[in-house]
1. What residues have an amide H closer than 5 Å to that of A36, excluding those fewer than 5 places away on the same chain, when H is modeled at 1.01 Å from N in the peptide plane?
2. Give me the number: length gained by fully extending L156 to E105, i.e. 0.36 nm times residue separation minus the C-alpha to C-alpha distance, one decimal in nm.
3. Where does region 71-176 land on Rg/Rh, using Cα atoms and the Kirkwood Rh?
4. Taking the alpha-carbon distance from K169 and a cut-off under 30 Å, which lysines remain once sequence neighbours fewer than 8 residues away in the same chain are dropped?
5. Quick one: which residues, 5+ away or cross-chain, put their amide H under 5 Å from the amide H of I180? H built at 1.01 Å from N.
6. With a point put 7 Å past each Cα toward its Cβ, work out how far S183 is from N126 in nm, to one decimal.
7. Please report, to one decimal in angstroms, the Kirkwood hydrodynamic radius of region 36-132 built from all distinct Cα-Cα pairs.
8. Enter the mean projected area of the convex hull around the alpha-carbon atoms of region 54-105, in nm², rounded to one decimal.
Amino acid sequence: MTIRETLKEKNMSVYRLAKESRIPYATVNDICTGKASLEKCSGETIYKLAKALELSMEELLTPCLLERSSFENFKSTVCHRLKELGDLNFIMETLESGDIRMYYEKKWYPESLYLLAMLDYISRENHIALDREFDDIRQCKLEIVLYPLSLQAMSLAVGKQDMQKEAEKSAIPEFLRFNIIESDVRNVI
């Protein structure tokens, strides 16, 4: 969970965090807005923030230490998680994790939008109303259409660009809305 999410959850302002941690307001504000990187702060600053937020230093730093894998690996992981958990548990876990917002705030837009598309698709499949918490993110879309690597390779191999247009026609609407071409999320090995 990011500092901003923690502040929101604890109903704490940036000003109050600065006061309670005894760190200058400008520094705390820069960390919360992303102008300063938490992982580059001194151990003392991290310790004071963690203590004021009633978190361990590890909990505070975890969102900063996530390494970004390839988008194809990310998609595969999400699809396997869906298969392992089942639809309803996947929905609950995804909502509870806060990953959609966390990826979005890290500017990992493909990951955020893919996970949101999956959530929306599985919700539709199970006749569950969409969670309104992500309506702001639902207004976004990727600038460039993301096709599966396998489709890109096949298209290049046979020299047919119309394969991509055909894939768009059969894409799941929740993914297509974000410019992500995905037609099968359940057939994973």
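Readers should treat all values here as calculations from the given coordinates under stated rules, not as data from a laboratory. These numbers were taken from a predicted model, which means no experiment stands behind them. Here the Cβ positions follow ideal geometry from the backbone for every residue, glycine too, while neighbour counts run over all protein chains shown.
1. Sorted by chain and number, the residues that satisfy this are I31.
2. Between L156 and E105, full extension yields 14.9 nm more.
3. Over the Cα atoms of region 71-176, Rg/Rh equals 0.99.
4. Cross-link targets: K75, K83, K107, K141, K160.
5. So I180 has HN proximity to L146.
6. Inter-label distance under the simple model: 2.6 nm.
7. Averaging 1/r across every pair of different Cα atoms and inverting gives 15.1 Å.
8. Mean projected area for region 54-105: 4.5 nm², to one decimal.
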